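The values are calculated or read from the model by the stated rules, or taken from the named source; none is laboratory data. All of these numbers come straight from a predicted model, not from anything done at the bench. For neighbour counting, all protein chains shown are included, and Cβ atoms are generated from backbone atoms with ideal geometry for every residue, glycine included.
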Amino acid sequence: MTWSFDIRSALLVGAMLTLLIGMLLAVVARAMPAGLRPALNWWVAATLLQPAGFVLLTQRDALPAWITIVLANALIAMAFVAYAVALRRFFSLRPRAGLLTAMLGLAVAVSVYWGLVQPDLTRRLIAISVVLAWLLGYSAWTLYRNPDSHGLVRHVAGGAFAFSALIMAYRAVALVFEPGQVTTIFQLTHVQLLTYAIGGILPVVATVGFLLLCTDRSQRELERAARLDYLTDVYNRRAIEELGTRAIAAARRHGMSLSLLVVDLDHFKHINDELGHAAGDLALVRAVARIREALRAEDLLGRLGGEEFIVLMPSTDGASASAAAERIRESFSAQPLDLDGRKRTVTLSIGVAVLAPADRHFSQLLQRADRAMYSAKHAGRDLVVADPMSGWDAS
């Protein structure tokens, strides 16, 4: 039995598979978060452009050369450019349109000159291979250099692009040293087989990898959203209580102090009543930004609810915590908040509590700080009050 392999048929099968993947991805993209859609749209474009180029390649003897050489190579190069732009968009990086456009223009120029003006298959294949290898390597580099791309997930798409770039570079080098090994575009040699195999496999593997990256990003954003307050982008009550429990365990394990501030905006209801709830929301956002300016990198800020916030201060004793609370309070009383052009002075009542040996749960520490904050309110507001107790009784 004689085994044979038809490159044209393989290209058509690969093109149909890639086209199907592109169509399915277009449907999946609609269900993805809005932040991912620009990158997904570019990826869909790539999976539609590449099979179009492959189909034109298979028509080399049936259609004019400018279609089967120039346009076909242009579409394939455009697909690889679209992959690169998709990855840049995914990582919120500038697409570097000038550089990518130049590489696309080079692919077209090479195809025109050595395809139509001075036909030379070997030189055309070498030049096109170099351009495509650079584009594929650029996508792999984008994946591996970005700190947001981590773990095994990135190796699916990153490995596909890196391996494809190596194959294209290998074709260029092989043709430089043995230019006579490819005399026709569909000649059955190992170089051509590797090249066309990459063309059929890359879209499948890379798209799976890209979808895994999208899924991983969506999962992390969901987890982050579950821990953050939707308005102020600080930790919500559930998250801050979990962090507080861990902070207490760490403080006791290392014999370090831990302080807690409960911060409440005085007369906040007046802002909502007089300026509207939109102004009230803006006041909370502006207040969070000002509080953050007075905190250290290791301090944790959360929202308990309404206009009440909490600050966890690791490795901080009572005197240092009270001094920090005073700085926060003074920053508000000294300068009004800018609520879209309307100035509004907001004062704070702050309660301070320090972890005591008898504090068995985070809720006990929180309750003492909250009680100190209400003492500040009852004493006239715009005050910092430290909890006088040393902790709960062991009983």
query = Out of (1) under 26 Å from the mean Cα position of the chain (by Cα); (2) surrounded by fewer than 21 Cβ atoms within 10 Å (Cβ to Cβ); (3) part of a helix (DSSP H, G or I), the odd one out for Leu19 is which?
reply = (1)
ask   = Quick check: is even one residue across segment 328-340 surrounded by 20 or more Cβ atoms within 10 Å (Cβ to Cβ) and assigned to a strand (DSSP E or B)?
value = yes
request  = Say whether the condition of being surrounded by 17 or more Cβ atoms within 10 Å (Cβ to Cβ), among the β-branched types (Val, Ile, Thr) and touching a Ser or Thr at 6+ places or on another chain (Cβ under 8 Å) is met by at least one residue in segment 307-320.
outcome  = yes
message = Pairs needed: first member in segment 88-106, assigned by TED's automatic domain parsing to the domain that holds Thr215; second member anywhere, acidic (Asp, Glu); C-beta distance under 7 Å; at least 6 residues apart or different chains.
response = Phe91/Asp148
query = Counting just the residues of segment 190-233 that are of a type in the set (Ser, Thr, Tyr) and surrounded by 17 or more Cβ atoms within 10 Å (Cβ to Cβ), which one comes out nearest to the chain's Cα centre (by Cα)?
reply = Thr207
message = Can you pull out every residue in segment 170-184 that is surrounded by fewer than 17 Cβ atoms within 10 Å (Cβ to Cβ) and not hydroxyl-bearing (Ser, Thr, Tyr)?
response = Val173, Val176, Phe177, Glu178, Pro179, Gly180, Gln181
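Residues Arg371, Arg360: which one is farther than 22 Å from Glu298 by Cβ, assigned to a loop (DSSP other than H, G, I, E, B) and touching a residue at least 12 places away in the same chain (Cβ under 8 Å)?
On the way: Arg371 fails: assigned to a loop (DSSP other than H, G, I, E, B).
Just one listed residue meets the conditions, Arg360.
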